[in-house]
Amino acid sequence: MADKGKFYMTTAIAYASGKPHIGNTYEIVLADAIARYKRQEGYDVYFQTGTDEHGQKIELKAEEAGISPKEYVDNVVSEVKKIWDLMNASYDNFIRTTDEDHEKQVQKIFKKLYDKGDIYKGSYEGLYCTPCESFWTESQLVDGKCPDCGREVKPAKEEAYFFRMSKYADRLIEHINTHPEFIQPVSRKNEMMNNFLLPGLQDLCVSRTSFKWGIPVDFDPKHVVYVWLDALTNYITKIGYDADGNSTDLFNKNWPADLHLIGKDIIRFHTIYWPIFLMALDLPLPKQVFGHPWLLQGDGKMSKSKGNVLYADELVDFFGVDAVRYFVLHEMPFENDGVISWELLVERINSDLANTLGNLVNRTISMSNKYFGGVVTDAGVAEAVDDDLKKVATETVGKVEKKMADLRVADAITEIFNLFKRCNKYIDETTPWILAKDESTKPRLETVLYNLVEGITIGATLLKSFMPDTAEKIFAQLNAKEIPFDELSTFGHYVSGTKVTDAPEILFARQDLEEVMKKVEELHPKKTEEPKKEEEGIDIEAKPEITFEDFEKMQFQVGEIIACEAVAKSKKLLCSQVKIGSSVKQIVSGIRKYYTPEEMVGKKVMVLVNLKPAKLAGVLSEGMLLCAEDAEGNLALLTPEKQMPSGAEIA
């Protein structure tokens, strides 16, 4: 296969404050699938990941644990690496921001930017969020809390060094406008431009004196380098960037990065701060930054405080590595958040992996053994029905290639499984069990089984990036070889006369949901809840009576929220896209204090559909979401008690 050149990609580096949950782990699996696919395409891939290990949060956690910060992060990094390796991540380099070579370069970068005049000394007074390690002004808060995580902020004042962000803002705006592929998906680009760049950038605090766990500013050692200048530069320091001009061949070969893969919550740092740092260093910008959505656990974003955390190693114990890889890759939409639960995992494993794929491979091998002693021969007895199977098989590679070029990984996997479904349909169309009854149709049967084995081999070759162990098991059972990517558009690579395995292994066993949930309960027994006290009702002021005719004018239906975002000009409003039957309405609601946009997506809600449209904070609203309100003014969305379809009438 022809060499397509270099492809340097990175994940965000995991913050070493605790064991990563499955939502964190999704990113390394996504990155690994992309890296493996690029290698199959013929790219010289360099794939970097790692851990972000400095900051006040870690200093406090280490103090609570009674150990040094370095001991604390060493323990966490061990967990991170163990999970990354468990999930079969094929990274080429793992950086720790406590690595000596990284720390040395960060100090040199800081001094270079200071000498250039881009960093200056001042003092900072503002509201500080410790978990996010971010300063905020009063106007940036949402209901008095951190706009990123919703937690409490505290007043803080300290001497600090600042970076002159505004110096490079216009240049960055021009770059984004002339490079539409730079920030993906497009909605993330719009958010950065409208919410941060166009209103004007403030200078950025890049050092701290209120804690010690960080890289010292070597010419002013009471300061430590603030987390983002430390963490973001990992993408260049670990591949050999040198601020003195003596960068390595590895750096010269791979920079600029072809892809930074990050979570949507840190898109601002990677598409505003990081490009500006690079401009100041006279380095080219990365070609693309992709802010992927979150993987949510049913009732919202995973957090230990909510008690809704799932871990990759636990899921793997239940279902195996490739089943978990398949789920997180296939179930995550391109732009909106995905949902994971034990029930959904069992459903997907049974329908897609055990049935569509596993049963197909098992049936094909079993029929080859039963009818021809395991020898697969192309007897050349073709019929018209073969043409469509061959067409689907040979065209799948192009479809997958297009989806992967756009980073639509879930859609790429769907195309591969469409091929497996077509193979299953081909079995029903050709009825091998009937062909086997007559000696005169045995050559046709041989051809049918050959076509099936070839179709499965093409599918397994494409599947290898996403489910590497499963693909290898299929190759081994078929006694087949991975087909080079540039040959996948032709049919007939499987060597006629090859013998398949005598005893096909079941790739994925069907899961019994009841048994799975029983084991989950044993692992995580529910706490006994105290009997609930009888709630006191509340009385509200009565409104004038209406007639039934008045009520009949109002149209109430069940809606499903398919997208939601905060209204930029308001601290109270959320703007939801609500699917009602076959139509979608935009509805603005004053519930931002009670729900995050991520919590809203996927909810079934009760909607007043025929309310006259109005503009709230400049945004058009085409209906109303129904809520309940208690005596303190707390709101809760009204949702159907049972599963109801979008559009169902509420009467």
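The values are calculated or read from the model by the stated rules, or taken from the named source; none is laboratory data. Everything numeric in this text was worked out from a predicted model, so none of it was measured. Heads up, the Cβs are rebuilt from the backbone with ideal geometry, glycines too, and the neighbour counts pull from every protein chain shown.
What single numbered condition from (1) within 20 Å of residue 369 (Cβ to Cβ); (2) surrounded by fewer than 18 Cβ atoms within 10 Å (Cβ to Cβ); (3) within 33 Å of the chain's Cα centre (by Cα) fails to hold for residue 487?
Looking at each condition in turn, residue 487 falls short on (1).
I'd like the full set of residues that are closer than 19 Å to residue 34 by Cβ and either surrounded by fewer than 19 Cβ atoms within 10 Å (Cβ to Cβ) or of a type in the set (Lys, Arg) (or both), limited to region 239-257.
The answer is 256, and nothing else.
Report whether or not residue 461 is among the β-branched types (Val, Ile, Thr), under 29 Å from residue 85 (Cβ atoms), in contact with a His (Cβ under 8 Å, 6 or more places away or on another chain) and crowded, with 20+ Cβ neighbours inside 10 Å.
No, not satisfied.
When you check residue 523 against the structure, is it loosely packed, with under 14 Cβ neighbours inside 10 Å and modelled with pLDDT of 95 or more, yes or no?
No: the conditions fail for residue 523.
Taking the residues in region 621-637 that are exposed (fewer than 13 other Cβ atoms within 10 Å of the Cβ) and without any contact (Cβ under 8 Å) to a residue 60 or more places away in the chain as candidates, determine which candidate is farthest from the chain's Cα centre (by Cα).
Step by step, filter region 621-637, then rank; the result is 632.
Quick one: count up the residues across region 579-608 that are over 20 Å from residue 142 (Cβ atoms) and in contact with a Phe, Trp or Tyr (Cβ under 8 Å, 6 or more places away or on another chain).
Selection size over region 579-608: 3.
Could you list, in sequence order, the residues of region 17-59 that are of a type in the set (Gly, Ala, Ser) and either within 20 Å of residue 88 (Cα to Cα) or surrounded by fewer than 21 Cβ atoms within 10 Å (Cβ to Cβ) (or both)?
Selection gives 17, 18, 23, 31, 33, 35, 42, 50.
Picking from 382, 312, which residue would you name as being surrounded by fewer than 18 Cβ atoms within 10 Å (Cβ to Cβ) and modelled with pLDDT of 95 or more?
382
Restricting the first residue to region 244-257 and requiring it to be closer than 12 Å to residue 108 by Cβ, which pairs with a second residue that is surrounded by 10 or more Cβ atoms within 10 Å (Cβ to Cβ) and modelled with pLDDT of 95 or more meet a Cβ separation below 6 Å and a spacing of at least six or different chains?
As it stands, the answer is 247/240; 247/241, since those pairs meet every condition given.
Kindly list, by first and then second residue, each pair from a residue in region 554-570 that is touching a residue at least 12 places away in the same chain (Cβ under 8 Å) and hydroxyl-bearing (Ser, Thr, Tyr) to a residue that is in a strand (DSSP E or B) and crowded, with 19+ Cβ neighbours inside 10 Å, limited to pairs with Cβ atoms under 9 Å and residues at least 6 apart or on different chains.
Correct list of pairs: 570/588.
Does residue 360 satisfy being of a type outside the set (Lys, Arg), in contact (Cβ under 8 Å) with a residue 24 or more places away in the chain, in contact with a Cys (Cβ under 9 Å, 6 or more places away or on another chain) and farther than 30 Å from residue 181 by Cβ?
yes
Could you tell me whether any residue of region 68-80 is touching a Phe, Trp or Tyr at 6+ places or on another chain (Cβ under 7 Å), closer than 30 Å to residue 244 by Cβ and part of a helix (DSSP H, G or I)?
Within region 68-80, one or more residues are touching a Phe, Trp or Tyr at 6+ places or on another chain (Cβ under 7 Å), closer than 30 Å to residue 244 by Cβ and part of a helix (DSSP H, G or I).
Restricting attention to strands (runs of 3 or more DSSP E) lying wholly within region 117-208, give those where 1 or more residues are in contact with a Gly (Cβ under 9 Å, 6 or more places away or on another chain) and free of Cβ contacts under 8 Å to residues at least 24 places away in the same chain.
134-136
Can you tell me which residue among 211, 219 is assigned to a loop (DSSP other than H, G, I, E, B) and either among the hydroxyl-bearing types (Ser, Thr, Tyr) or at pLDDT below 95 (or both)?
After ruling out the rest, the residue left standing is 211.
Please state which one of 290, 219, 277 is over 25 Å from residue 114 (Cβ atoms) and aromatic (Phe, Trp, Tyr).
290
How many residues does region 115-134 contain that are at pLDDT 95 or above, surrounded by fewer than 19 Cβ atoms within 10 Å (Cβ to Cβ) and not acidic (Asp, Glu)?
Result for region 115-134: 4.
I'd like the residue in region 159-200 that is exposed (fewer than 15 other Cβ atoms within 10 Å of the Cβ), among the acidic types (Asp, Glu) and over 24 Å from residue 292 (Cβ atoms) and, out of all such residues, is farthest from the chain's Cα centre (by Cα).
Checking each candidate, the answer is 170.
Out of (1) at pLDDT 95 or above; (2) farther than 28 Å from residue 398 by Cβ; (3) under 18 Å from the mean Cα position of the chain (by Cα), the odd one out for residue 97 is which?
(3)
With (1) within 19 Å of residue 234 (Cα to Cα); (2) surrounded by fewer than 19 Cβ atoms within 10 Å (Cβ to Cβ); (3) polar (S, T, N, Q) as the list, and residue 75 as the residue in question, which single condition is left unmet?
That leaves (1) as the condition not met.
In the list 156, 89, which residue meets the criterion of being touching an Asp or Glu at 6+ places or on another chain (Cβ under 7 Å), over 25 Å from residue 168 (Cβ atoms) and surrounded by 14 or more Cβ atoms within 10 Å (Cβ to Cβ)?
That would be 89, the only listed residue that is touching an Asp or Glu at 6+ places or on another chain (Cβ under 7 Å), over 25 Å from residue 168 (Cβ atoms) and surrounded by 14 or more Cβ atoms within 10 Å (Cβ to Cβ).
Among the residues of region 595-614, is any crowded, with 19+ Cβ neighbours inside 10 Å, modelled with pLDDT of 85 or more, of a type outside the set (Ser, Thr, Tyr) and assigned to a loop (DSSP other than H, G, I, E, B)?
yes
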